[in-house]
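Since the structure comes first, as structure tokens, the remarks are kept for the end.
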Amino acid sequence: MLLRPLIPILFSLVGGILFGHMVIPHDLYPFLWFSILFILLLILSLLIPSSYRFISFLLLFFLAGIQMDLDRHYRSELMNLAQERPQVLLEATVLEPATILEDMARFVVRVDRLTYQKKKIEGGEKIRVIVYGYPREFSVGEKLLFHARLRPFLNFNNPGSYDYRLAMDVRGLACAASVSDGRRIVPMGKGHLGFPLEKLEKMRTPVRRFFAESLSPQNNAIFGALVLGERQSITREMRETFSVSGLSHVLAVSGLHIAVVAWLCYTVLKRLLSFSSTLILRVDIRRVSALITCLPVIAYTALTGFQVSAERAMIMGLAFLFSLVIGREREIWSTLALAALLVLVLDPHGIFSVSAQLSFLAVAGIVWLAPGIYAKLALSTEEQVVKSRALNRFYLYVAGLVAATVSATVFLLPVVTLYFHRIPLIAIPANLALVPVLGLFVLCLGLSASLILFVSPPISRFLLQIGAWVLDRVMETLQFWTRFDWAAFWGVTPRFFEILLFYGFLVFLFFSRRYAWAKVGLVATLCLTGLDAAYWFHRSYYNPNIRVTYLDVGQGNAALVEFPGRDRMLIDGGGSPGDDFDVGEMVVAPFLFYSRIRRVDYIVLTHPDTDHMEGLRFIVSRFGPKEFWYNGERRDVPGFHELMRIVKEKGIKVLTPQDLKEGREIGGAHITVIHPPGVENAELWGKALKSNDRSLVLRISDKGRSFLFPGDLESTGEEVVLLRERARLKSDVLLVPHHGSRGSCTKAFLENVAPNICIVSSRASNPFGFPHPETLRRLQEAGCKIMRTDQLGAIEVTADSKELHVKSFLE
């Protein structure tokens, strides 16, 4: 390690950042104490013997990592103000093109000035703005004046959930702001982006306009992502195609793009310089080529607007080019460590960026595994059957490509599964066949067209059309491959211990031929893997007790019921109107994958409101349910039609209250449909009750314990239930109807249910004011324990014959 000191220094800094982020409370800011400790340790390191000095330096970097992380948790005035969710007046400058949906626009602005309660606050921070109603295109650099409601970024607090708040922090966004009516946004002309963005935008704007005028919407979106680093126009369908094929990394400017530009420029420059015998004799043309290549790498990053992922990739590329310049190109591990250190110094939270993790791990996998794979594939002179030099060079190129692709794919497997829950089986052939085409042809032609645009627009358009033709063929190939069901499959979320087992297995396998300890480690790793698999198999398929998890899906309902044995039921799936955010795919499914659940046997929709229904489409299409239960009410909205279409296409059995009037028994637990009555009375109750009061009401009981799921019942619906089913309402756990609205949970209803635990599923500071204070007061008077998902996250209740066992995600 002393031969490569940057590697232990990197681990020390990373350890400090992780320790500060995960152990030290974020509201604690002990700057003075850490500064004093740092200085004392620095003085001590100069006084102690040299043999121990390096260890003291590692401790210094560990402390520096802690302090760097704590600095990133500092809350600005704008962040603190967003906690109150105030209505403010903003003067802001648009920083990136808007993402336009059906009735919504989303974009990032820099706040220039904020007015709140007659107080003016000078800005400078970036925020994400969402405009509802009358969206339009917002030009980069345009200055706007508008009223908006600030709000902090919030997570869905479930096991296995995506840390959205941290992701926004990594992007440098302070908070979010919502505008209820886009017509009230006042354009104020051209804003000031500052240097160098002001100059760069003068080049980016014509390129952006050129792409939009010359290309189809699909090609415009992909060229914009590859050349300008702008993914706002990438549709859900395009993103899904690239995800299934394992090519999602192509859509974000990262190490791949920088590597293509650097390799191509370096190769061309080296070839051109080699024509001069004078230069060959006087200088090392390899070093000169590497030094000059730094310029196009920086220029490409500038063309992308110095986006965060592009900046990290640029640092990595410049570090490797610098190693060539100083003649240390063989010190690849030290170069990689140097690049990582520079990235973390610029942004300590870059370590939490998914793109950064994938980029550095991919390079590490290639550096470590690719040489061995390439050595197996490469042919010696005696083994070459064809003596053509060109064919043999092409074979070696393909062998190198195979080695790099297989190494990166295998090394990233657990991390990709952790974040994306999907294992693309066609990733290796897709990367082998299409990444060189996308990099060497589409990207290079797009960049060439962008540069030549300012000199000769006709030649630029010709080059772009060639690139578009190539891209069309690539997309046709991708769409053909991804239409097969076996192209990718959904996998369960690996735990940190299992990720360590995977990489431990690779390490022990790599050294098993040379060292005896590696063979012992390999056997131990396999044994631990077997024990881990046995534990999860037993937990998943031999569960003795009923377990209900009330998920945090924001303003909505979703509850997973795990019956004794192996059957599962999902009651509602959450959802949000007017947004492209799929709660089923982004919130419910990650929890299921984290819980090692790949099949949900029963799907229940209490009633077709958005906040109960929207998240079910993804679950129905991906988790193979046998039956779909709902209250029989049909809703003439796209979401309901799409859900029922998927149910029909999958051949799922549909059941209504009439089909379920005798109740069901699953895994020994009894399920009673309490409301609404069967379809023979549908006309009667359909006219008398509104939609919420027609919610499907289920009571699930097992071993003397019971759970009540009343959907969105309000007072009228509760009265009907009391008249018909008063004797069967008693339950230990109540999911509070209609998210705790004022009109729900009447005194008579609570007296008859007599719950011990009341679960309130709602979003913090939601616009409806749920749960209402009056409802909370009634719940307190009823003597039940109130548990709220907006405060506790997901709430898990396990019932055995003796008692209820309750735990929550945030406790």
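Were the residues from PHE195 through ARG287 laid out at 0.36 nm apart, the gain over their Cα-Cα distance would be 30.0 nm. Extension gain, SER50-LEU295: 0.36 nm per intervening residue step, less the Cα-Cα distance, totals 84.1 nm. Between ASN392 and ILE423, take the C-beta separation as r, use R0 = 56 Å, and let me know the FRET efficiency to the nearest 0.05. About 0.95, to the nearest 0.05.
Distance distribution note for the range 220-279: the fraction of Cα pairs above 20 angstrom is 43%. In this simple spin-label model, placing a label point 7 Å from the Cα along the Cα-to-Cβ direction at both GLU662 and SER691 gives a separation of 3.3 nm. At R0 = 30 Å, how high is the FRET efficiency between ARG236 and ARG461 if r is their beta carbon distance? Nearest 0.05 is fine. Rounded to the nearest 0.05, the efficiency is 0.50.
In terms of overall dimensions, the C-alpha atoms belonging to the range 83-200 reach 46, 35, 31 Å along their principal axes, ordered largest to smallest. In the context of the full protein assembly, ARG635 retains an accessible surface of approximately 60 Å², using a probe radius of 1.4 Å and ignoring ligands and nucleic acids.
Counting heavy atoms of the protein chains alone, TYR164 has an accessible area of about 70 Å² for a 1.4 Å probe. For the range 590-719, what are the per-bin percents of Cα-Cα distances with bins 10 Å wide, up to the bin holding the maximum? All Cα pairs, binned at 10 Å, distribute as 12, 40, 38, 9, 0 percent. Heavy-atom accessible area with a 1.4 Å probe sorts PHE581, PHE462, PHE480, PHE242, largest first, into PHE462, PHE480, PHE581, PHE242. By a 1.4 Å probe calculation restricted to protein chains, PHE508 has an accessible surface near 50 Å², given to the nearest 10. Here, the range 123-192 is characterised by an Rg to Rh ratio of 1.04, where Rg is the alpha-carbon radius of gyration and Rh the Kirkwood radius. Using bins of 10 Å that start at zero, the share of Cα-Cα pairs per bin across the range 190-337 amounts to 11, 31, 31, 20, 7, 1, in whole %.
Counting only other residues whose beta carbon sits under 11 Å from that of SER744, what net charge do I get with K and R as +1, D and E as -1? Summing Lys/Arg as +1 and Asp/Glu as -1 gives -3. Under 22 Å from the Cα of LYS785, which lysines turn up, not counting those fewer than eight places away in the same chain? Leaving aside lysines fewer than 8 places away in the same chain, those within reach of LYS785 are LYS703, LYS730, LYS747, LYS802, LYS807. Model label sites at GLU719 and LYS747, defined 7 Å from Cα along the beta-carbon direction, differ in position by 1.6 nm. Just to confirm a number: summing +1 for Lys and Arg and -1 for Asp and Glu over residues other than PRO638 whose beta-carbon lies under 12 angstrom from that of PRO638, what do you get? That works out to -1.
Ranking LYS626, LYS653 by solvent-accessible area of protein heavy atoms (1.4 Å probe, all protein chains present), from largest to smallest, gives LYS653, LYS626. In plain terms, the chain from ARG184 to TRP469 could stretch by 98.4 nm, reckoned as 0.36 nm per residue minus the Cα-Cα distance. Kirkwood radius and radius of gyration were both taken over the C-alpha atoms of the chain, and their ratio Rg/Rh is 0.99.
Around the Cα centre of the chain, unit charges on the Cβ atoms of Lys, Arg, Asp and Glu (plus for the first two, minus for the last two) sum to a dipole of about 1820 debye.
In deg cm²/dmol, rounded to 500, what helix-only [θ] at 222 nm does the chain give when every DSSP H run of at least 4 residues adds -39500 (n - 2.57) and the total is split over its residues? Calculated from helices alone, the mean residue ellipticity at 222 nm is -15500 deg cm²/dmol. Diffusion coefficient of the range 540-639 by Stokes-Einstein, Kirkwood radius over Cα pairs, 25 °C, 0.890 mPa s: 182 µm²/s. Among LEU418, VAL325, GLY446, which residue has its Cα positioned farthest towards the positive end of the charge dipole of the range 312-454, with +1 placed on the Cβ of Lys and Arg, -1 on the Cβ of Asp and Glu, and the dipole taken about the Cα centre? Ranked along the dipole, the leading option is GLY446. Note on ARG513 and TRP490: the model spin-label points, each 7 Å out from Cα along the C-beta direction, lie 4.1 nm apart.
Within the chain, helices built from complete DSSP H runs that reach 18 Å or longer along their own axis (Cα positions) and carry a mean Kyte-Doolittle hydropathy of 1.0 or higher are 6-22, 31-47, 255-273, 285-303, 308-325, 332-346, 354-377, 389-420, 496-511.
Kirkwood's formula applied to the C-alpha pairs of the range 458-544 gives a hydrodynamic radius of 17.6 angstrom.
Applying 1/(1 + (r/R0)^6) with R0 = 35 Å to the Cβ-Cβ distance of ARG635 and LYS807 gives a FRET efficiency near 0.45. More than 25 angstrom separation, counting every C-alpha pair in the range 678-787; what % is that? Of the Cα pairs, 18 percent sit more than 25 Å apart.
Taking packing as the residue-averaged number of other Cβ atoms within 10 angstrom, the listed peptides 281-294, 425-438 run from highest to lowest as 425-438, 281-294. Extent of the range 314-448 along its three principal axes (Cα atoms, max minus min coordinate, largest first): 53, 41, 35 Å. The share of alpha-carbon pairs in the range 754-798 lying farther apart than 11 Å comes to 66%.
Measuring between their Cα centroids, the range 475-535 and the range 394-444 lie 17 Å from each other.
Keeping the other protein chains in place, figure out the carbon and sulfur percent of the accessible area of the range 134-197, with a 1.4 Å probe. Carbon plus sulfur share of accessible area: 57 percent.
As a ratio to 2.2 N^0.38 Å, the alpha-carbon radius of gyration computed for the range 368-472 takes the value 1.43. For LYS785, nonlocal amide neighbours, meaning residues 5 or more places apart or on other chains whose placed amide H falls under 5 Å from its own, are ILE757, CYS758. Accessible area ranking (1.4 Å probe, heavy atoms, ligands and nucleic acids excluded), largest first, for LEU792, LEU528: LEU528, LEU792.
The values are calculated or read from the model by the stated rules, or taken from the named source; none is laboratory data. Everything numeric in this text was worked out from a predicted model, so none of it was measured. So basically every Cβ, Gly included, is an ideal-geometry build from the backbone, and we count neighbours across all protein chains shown. Ligands, DNA and RNA are stripped out before the accessible areas are found, and what is left, the full protein with its side chains, is counted by its heavy atoms. Shrake-Rupley method; radii C 1.70, N 1.55, O 1.52, S 1.80 Å.
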